[in-house]
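The values are calculated or read from the model by the stated rules, or taken from the named source; none is laboratory data. Bear in mind that the values here come from a model prediction, so they are computed numbers and not experimental data. Glycine gets a Cβ as well: all are built from the backbone with ideal geometry, and neighbour counts include every protein chain shown. Accessible surface is based on the protein model in full, side chains and every heavy atom, while ligands, DNA and RNA are left aside. Shrake-Rupley method; radii C 1.70, N 1.55, O 1.52, S 1.80 Å.
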Amino acid sequence: MLHAHSFVPAPKVEAKSIADSVVLTFEDRRRRRGVITTVGGLEVLVDLAEAPALAHGDAYLLEDGRLIEIVAEAEPLLEVKGRDPLHQMRLAWHLGNRHLETEIGPKWLRIRQDHVIADMLKGLGAKVVEIEGPFQPEGGAYHHEHGHDHHAHAHDHGHHDHDHDHRHDHHDHDHHDHGHKRDHDHKHEHGHDDDHHHGKHHHD
């Protein structure tokens with residue numbers, strides 16, 4: 001059986017080195033150890049040093065130097081939109097306060113489908129739509145975010161937060177800064193705990 005003990009971030013993946021591809025959900029992409037089956041039928045034992053949070057376009061590095069490209073599988077999600085940037089940030093705070101993994105885009109939030117949470121969000125005035133698409137929530141790629149400049153979600157999120165910061169300053173500085181800080185702290189703590197928990201739970 002082929003073995004992979006490391007991975008290559010998407011910006012460094014060379015097309016000529018790609019031997020095959022594998023389609024994985026977000027949960028699969030953050031597993032530290034396990035057997036994967038590629039699109040071409042190859043079986044590969046993945047045994048990484050720590051639980052990762054791999055993104056679409058990254059690749060497992062085989063012992064012989066070949067790469068297995070990772071394709072993010074479409075998953076059932078809820079796409080959430082607020083009335084304006086401030087409302088959007090409040091919705092994000094509520095999701096973070098409930099320990100829900102959330103992907104943050106320029107004008108939307110995405111979470112796994114959950115009818116109870118969908119009803120809560122609608123009650124808060126959000127527009128909620130069921131979709132299918134790749135899922136890359138915040139907090140998962142903390143250990144190699146800098147290598148994912150190609151990932152639109154992370155890049156847009158940076159500008160999105162910048163806009164909110166200015167809006168907070170002009171509105172209710174004490175109140176909204178407090179909410180933002182709580183959300184920020186939560187996401188980082190949750191990302192660390194959750195990634196290591198899942199890696200250990202599934203594979204150690």
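Table for the structure above
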item: Region 106-127, residues that are outside any loop (DSSP other than H, G, I, E, B) and open to solvent by less than 30 Å² (accessible area, probe 1.4 Å); result: Leu109, Ile111, Ile117, Ala118, Leu121
item: Residue satisfying all of: in region 24-42; in contact with a His (Cβ under 9 Å, 6 or more places away or on another chain) and open to solvent by 50 Å² or more (accessible area, probe 1.4 Å); modelled with the highest pLDDT among these; result: Arg33
item: Any hit, region 66-87, residues being touching a Leu at 6+ places or on another chain (Cβ under 7 Å), crowded, with 17+ Cβ neighbours inside 10 Å and more than 29 Å from Glu130 (Cβ to Cβ); result: yes
item: Residue in region 104-115 that is in contact (Cβ under 8 Å) with a residue 60 or more places away in the chain and in contact with a strand residue (DSSP E or B) (Cβ under 9 Å, 6 or more places away or on another chain) present; result: no
item: Sole residue being modelled with pLDDT of 95 or more and among the charged types (D, E, K, R), chosen from Glu145, Glu138, Glu69; result: Glu69
item: Considering residues of region 1-56 that are assigned to a strand (DSSP E or B) and of a type in the set (D, E, K, R) only, the residue farthest from the chain's Cα centre (by Cα); result: Glu43
item: Some residue of region 94-105 being open to solvent by less than 40 Å² (accessible area, probe 1.4 Å), closer than 30 Å to Ala126 by Cβ, outside any loop (DSSP other than H, G, I, E, B) and β-branched (Val, Ile, Thr); result: yes
